[in-house]
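Here the structure is laid out as structure tokens; the discussion comes afterwards.
Where a number appears in this text, it was derived from the coordinates with a stated rule and is not lab data. Note that the structure is predicted; figures quoted are calculated from it, not measured. Note that each Cβ is placed from the backbone with ideal geometry, even for glycine, and that neighbours are counted across all protein chains shown.
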Amino acid sequence: MRPDQVGEAATKDGGDEPVGRPGKRKQIVAAARELFLAQGYGATSMDAVARAAPVSKRTLYNHFDGKQALFLAVLRDSWTDLSEAPAIGAGGDVRETLRRYVARLESHWRHPDVVPFLRLLIAEGARFPELSEIYYQAGKAPAVAELARYFEGKADPLGLSAEARAIQFLGMIKEALFWPKVLGFPVSGDRDAMVEAAIARILG
């Protein structure tokens, strides 16, 4: 299955647990999360997830058509706090809006799954290149798209597109505040000063 085809399977035969049972889905995703973090993507099988949930294999495949779809669901759960937050408002002071957006990102980065799953991706991405696309679908692409929508129509002295500005701003913020977490280092320098510098750079 190509990464762009990853998705949750629909129930076609009225199996022993219909897709509409949210309790079973939560059980499966929770069990998969624990296994992925404990032993990695490659070492986690659908059989192991079914045993850990515990659900029948038929129930598991009624909800998810394979391991890629299950991994995507687990990642989406870890991005829920960001994806379900109120959209960036179009009005108000631009600098203050961007400050609040950075604070929202930092809150998301404190989710207990965010850093461990990125480390897993780095460790296993060469063996399973589809993981990068799954990670991108789950959160990175929506985050860039939301910020790009905010920058639409706002003048840029360098003539960058809204998407390019979003990528550049996220890159500056993540380099200063997120990647040290991934590498296990404390943030170096004054947090507020780095945020203000990124805002000043992106606004020109």
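For the stretch 191-204, backbone phi angles converted through the Karplus equation (6.51, -1.76, 1.60; θ = phi - 60°) give residue-by-residue couplings of 4, 4, 5, 5, 5, 5, 5, 5, 5, 4, 5, 6, 8, x Hz, Gly and Pro being listed as x.
Which trypsin sites (Lys or Arg not before Pro) in the stretch 147-204 sit in a loop by DSSP (not H, G, I, E or B) and have at most 14 other Cβ atoms within 10 Å of their own Cβ?
Details: sites: R149, K154, R165, K174, K181, R191, R201; in loops: K154.
Within the stretch 147-204, the qualifying trypsin sites (Lys or Arg not before Pro) (loop, at most 14 other Cβ atoms within 10 Å) are K154.
Contour minus end-to-end for K174 and T97, with contour as 0.36 nm per residue of separation and end-to-end as the Cα-Cα distance? Value of the extension gain: 26.0 nm. Length gained on full extension, S161 to R149: 3.3 nm, using 0.36 nm per residue less the C-alpha separation. If you line up the long axis of helix 162-173 against the longest principal axis of the chain, both from Cα atoms, how many degrees apart are they, to the nearest 10? So the helix axis and the longest Cα principal axis differ by about 90 degrees.
Just from its helices, what would the mean residue ellipticity at 222 nm be for the chain, if runs of 4 or more DSSP H residues each count -39500 (n - 2.57) and the sum is divided by every residue, rounded to the nearest 500 deg cm²/dmol? Don't skip to the end; give the middle numbers.
Numbers: 12 runs with 122 residues, N = 204.
Calculated at 222 nm, the ellipticity per residue is -17500 deg cm²/dmol.
Which of these values of Kirkwood radius over Cα pairs in Å was calculated from the structure shown: (1) 21.5; (2) 17.9; (3) 18.7? It is the one labelled (3).
Counting lysine pairs in the chain that sit 8 or more residues apart in sequence, or on different chains, and whose Cα atoms lie under 27 Å apart gives 15.
For the chain, the longest principal axis of the alpha carbon atoms and the long axis of helix 141-151 meet at an angle near 30°.
Test of the criteria: in the stretch 40-116, which GluC sites (Glu not before Pro) are in a DSSP loop and have at most 15 other Cβ atoms within 10 angstrom of their Cβ?
On the way: sites: E84, E96, E106; in loops: E84.
Counting only loop positions with at most 15 other Cβ atoms within 10 Å, the GluC sites (Glu not before Pro) in the stretch 40-116 are E84.
The alpha-carbon positions of the stretch 98-177 define a convex hull whose volume is 108 Å³ per residue. Taking the number of Cβ atoms within 10 Å of each Cβ as an exposure proxy, the fewest-first ranking of W109, W179, W79 is W179, W109, W79. The order of S56, S78, going from fewest to most other C-beta atoms within 10 Å of their C-beta, is S56, S78. Among L118, L158, the order by Cβ neighbours within 10 angstrom, fewest to most, reads L158, L118.
Summing charges over all other residues whose Cβ lies under 14 Å from the Cβ of A38, with Lys and Arg as +1 and Asp and Glu as -1, gives 0.
In a fully extended conformation the segment linking A200 and Y136 would gain 20.3 nm over its present Cα-Cα distance, using 0.36 nm per residue.
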